[in-house]
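Since every read-out is calculated from the coordinates, none of them should be taken as a lab result. Because the structure is a prediction, the values reported are computed rather than measured. Using ideal geometry, Cβ is built from the backbone for each residue, glycine included, and neighbour counts are taken over all protein chains shown.
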Amino acid sequence: MKRSLAIRANTLLGALALALPMWSHAAPVDDAVVALQHDWESIRYQAPAKEREKRFETLSAKAHEASTLYAGRSEPLVWEGIILSSWAAERGGLGALSLVKQARSLYEKAIDIDGKALDGSAYASLGVLYHKVPGWPIGFGDKAKAEALIKQALALNPNGIDPNFFYADLLADTGRAEQAMPYLERALAAPARPGRELADAGRRDEVKALMARLNAR
């Protein structure tokens, strides 16, 4: 049962390195969000696999403190959702589904507050959940909802590496490999994000891997 409920950890975790800009520390909320981002990247890309679940759990508490302290702001909610989703991917099983449901609620709340924040990252993150989480009767996954949400993210950030990769991944998973290639090419051509070297490198590796898989068909 646990195996049937497991989130595809590598794809879900990788999908969470979103196109979130590095800010100039203009306000305390920005400092808090950048700190969460840096901690997430350290765990995702540098921590040993056996440590990630516990460290994401610990970081989720820090993220919840930030979203509570800065209630009314979208950005901390997005990052709390990303961290919960990452924890879910490491955890797997029924506990993972509980966590991604919490993440879904956070993304929805972030969209209600300001869906355009962080270049539409709440739409992208929510779309990834609907794409990667199992569908009924196990979970709430829904490819049609995923596509609509990721398209909204693309409308807000058409040249971003992440929404282009997410949409290509969805197209490939739904039998539209030829349509996916232009989005992968756009993802590779996306501008580098200052301070996001780890995330950019990881995403480019995923883009290249998907391109190779599609070209091998």
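Annotations for the structure displayed:
- Relative contact order of the range 2-215, defined on C-alpha pairs under 8 angstrom at six or more residues apart (%): 22 percent
- Among Pro28, Pro158, Pro134: highest mean-square fluctuation, GNM of the chain, C-alpha pairs under 10 Å: Pro28
- Counting Lys and Arg as +1 and Asp and Glu as -1 over every other residue whose Cβ lies under 15 Å from the Cβ of Ala27, the net charge comes to -3.
- For Val100, net neighbour charge (Lys/Arg +1, Asp/Glu -1) across residues whose Cβ lies under 11 Å away: +4
- 26 Å Cα-Cα threshold exceeded, pairs from Lys50/Lys132; Lys54/Lys101; Lys109/Lys145; Lys62/Lys145: Lys62/Lys145
- Between Gln46, Gln102, Gln152, the GNM of the chain built on Cα springs shorter than 10 angstrom shows Gln46 fluctuating the most.
- Neighbourhood net charge (9 Å Cβ-Cβ; Lys/Arg +1, Asp/Glu -1) for Tyr167: -1
- Annotation: the residues His38, His131, His64, sorted from fewest to most other C-beta atoms within 10 Å of their own C-beta, follow the order His38, His64, His131.
- For the range 147-217: rounded, prolate or oblate by the Cα gyration tensor [a/c cutoff 1.5]: oblate
- Dividing the summed -39500 (n - 2.57) terms of all DSSP H runs of n ≥ 4 by the residue count of the chain sets its mean residue ellipticity at 222 nm at -24500 deg cm²/dmol.
- The order of Glu185, Glu90, going from fewest to most other C-beta atoms within 10 Å of their C-beta, is Glu185, Glu90.
- Arg176-Leu94 pseudo-label distance in nm [points 7 Å out on the Cα-to-Cβ vector]: 3.7 nm
- Residues Arg204, Arg213 arranged by fewest to most Cβ contacts within 10 Å: Arg213, Arg204
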